[in-house]
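So the structure is just underneath, and the comments pick up after that.
The values are calculated or read from the model by the stated rules, or taken from the named source; none is laboratory data. Note that the structure is predicted; figures quoted are calculated from it, not measured. Please note: Cβ atoms are built from the backbone with ideal geometry, for glycine as well, and neighbour counts cover all protein chains shown.
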């Protein structure tokens, strides 16, 4: 199994090696391990994501997909291996962690909006305190992105007054206000009622069309097929397979991916 | 003198000497709350620290001050410490004792408040690259504080009455001055009726303040959010219907 994942990861690197000599990849992970006690959440993971690339990470629950993307902005500390984000090494040094977090935006399954602040306050907090923007500038920026996710009229409301889909779109706008180069989505639609999934996916598609580098953990295979440049399939902490969506869905190479697809596509 | 005299009680209530005692009681309470909150916050942060020395010390502190009577603590500070050459004024002794004691209780309240703020809130703050200070001041503290208000209110109510223990080390607060009046005139019921009325007024005022605080910090409360979130599908359809 480990040999296979090595081969596939190695192969992908080989193909993309030339252009990436000139351009620093958005994300580069080399032999990354993450343990929780005895449990190995990430087991020698290699991954390279080019700028502008859209990656969908999928796999059964407990396969390490969330851990993978949470390591990219150091919400989880990896135990071994190397992670570079836009050429900055995540070596547990404060200034590098801060630099990486400024380059990345994250959207969580449970939204994690600040419940004691209005939508607008949620959006302007980081631009004002981290980027040092004036309140007026930050508000303009926030309204720009709230308009983009189509909820400018909710700016003065509190998160608790919004539907799940609206809250998640606010969370996307809030992340965008820091002008990230890479967006990380950790199961952004899993906590939503079915009728609200679409509005969030539409927002993400729009972002993808604008050329944002995206890594998205999701079970929405329709979205993966339509938007992803590459699907990364994980199982038991390893990247088992990565391929273009068409190929992955039509012709999964590993047995594990085949059974996974059988189970989720009806 | 053989029966209760309401007039005497009313007179004691408006007695200037007693009123000054009330001011001392209020002063002791306010100072102990402020001092206790600052120290308690520090103790709570130490308790939550991953450093075993800090969390161990804080655990010991809380165990010690919650496990011994305030009365002993006050007496030891007032008459015990001078034996070791440490001498404070009476009022300082009372304040040191009340603050040290109150901090132990408040530390646990502060800690429970912070623990109740979900990890996702901190993660969201990190992901937005907020500094630890901004995360604390703008994200976790306001949410923790809202959760702290009810137990905080309780603790402050107890503290207000616990200041009466300072009378033992001769701080002339409400209780002590009541005793002094009582010993002068032997109108036990009348004097204590006035003192009781003052304590009730003070605790009632605090109750009202607490209710206002709860209302103010609860205006976007998580409890309300949860309720709305639970009925989100309904809310959504009504929004759509209007649109």
Kindly state which helices (runs of 4 or more DSSP H) lie completely within segment B:172-243 and contain at least 1 residues that are crowded, with 17+ Cβ neighbours inside 10 Å and at pLDDT 90 or above. B:174-185, B:188-217
Which of the residues belonging to segment A:115-134 are outside any helix (DSSP H, G or I) and either more than 21 Å from residue B:135 (Cα to Cα) or within 11 Å of another protein chain (Cβ to nearest Cβ) (or both)? A:115, A:116, A:117, A:118, A:130, A:131
Of the conditions (1) more than 14 Å from chain B (Cβ to nearest Cβ); (2) in contact (Cβ under 8 Å) with a residue 40 or more places away in the chain; (3) over 17 Å from residue A:112 (Cα atoms), residue A:137 clears all except one; give me its number. (2)
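Looking at B:102, B:123, B:108, which one is touching a residue at least 60 places away in the same chain (Cβ under 8 Å) and surrounded by fewer than 21 Cβ atoms within 10 Å (Cβ to Cβ)?
Details: B:102 fails: surrounded by fewer than 21 Cβ atoms within 10 Å (Cβ to Cβ); B:123 fails: touching a residue at least 60 places away in the same chain (Cβ under 8 Å).
Residue meeting the stated conditions: B:108.
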Just to verify a result, which residue in segment A:176-217, among those that are within 20 Å of residue A:126 (Cα to Cα) and without any contact (Cβ under 8 Å) to a residue 60 or more places away in the chain, is farthest from the other protein chains (Cβ to nearest Cβ)? A:179
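When you check residue B:24 against the structure, is it more than 19 Å from residue B:111 (Cβ to Cβ), surrounded by 14 or more Cβ atoms within 10 Å (Cβ to Cβ), in contact (Cβ under 8 Å) with a residue 24 or more places away in the chain and touching a helix residue (DSSP H, G or I) at 6+ places or on another chain (Cβ under 9 Å), yes or no? So that I can check it myself, show each step before the final result.
Numbers: more than 19 Å from residue B:111 (Cβ to Cβ): yes; surrounded by 14 or more Cβ atoms within 10 Å (Cβ to Cβ): yes; in contact (Cβ under 8 Å) with a residue 24 or more places away in the chain: yes; touching a helix residue (DSSP H, G or I) at 6+ places or on another chain (Cβ under 9 Å): yes.
Spelling it out, residue B:24 is indeed more than 19 Å from residue B:111 (Cβ to Cβ), surrounded by 14 or more Cβ atoms within 10 Å (Cβ to Cβ), in contact (Cβ under 8 Å) with a residue 24 or more places away in the chain and touching a helix residue (DSSP H, G or I) at 6+ places or on another chain (Cβ under 9 Å).
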Just checking, does segment B:126-136 include any residue being part of a helix (DSSP H, G or I) and in contact with a helix residue (DSSP H, G or I) (Cβ under 6 Å, 6 or more places away or on another chain)? yes
Do the conditions hold for residue A:92, that is, is it away from chain B (no Cβ under 13 Å) and over 23 Å from residue A:23 (Cα atoms)? yes
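Name the residue, out of A:109, A:168, that is surrounded by fewer than 20 Cβ atoms within 10 Å (Cβ to Cβ) and touching a strand residue (DSSP E or B) at 6+ places or on another chain (Cβ under 8 Å).
Values: A:168 fails: surrounded by fewer than 20 Cβ atoms within 10 Å (Cβ to Cβ).
So the residue among A:109, A:168 that is surrounded by fewer than 20 Cβ atoms within 10 Å (Cβ to Cβ) and touching a strand residue (DSSP E or B) at 6+ places or on another chain (Cβ under 8 Å) is A:109.
Tell me which residues, restricted to segment A:152-165, are part of a loop (DSSP other than H, G, I, E, B) and surrounded by 21 or more Cβ atoms within 10 Å (Cβ to Cβ).
Keep residues of segment A:152-165 that are part of a loop (DSSP other than H, G, I, E, B), which gives A:155-158, A:162-163.
Scanning segment A:152-165 gives A:158, A:162, A:163.
Taking segment B:139-171 only, how many residues are within 14 Å of another protein chain (Cβ to nearest Cβ) and surrounded by fewer than 20 Cβ atoms within 10 Å (Cβ to Cβ)?
Here is the first cut: in segment B:139-171, the residues within 14 Å of another protein chain (Cβ to nearest Cβ) are B:139-149.
Remaining after also requiring surrounded by fewer than 20 Cβ atoms within 10 Å (Cβ to Cβ): B:140-142, B:145, B:149.
Looking only at that region, the number is 5.
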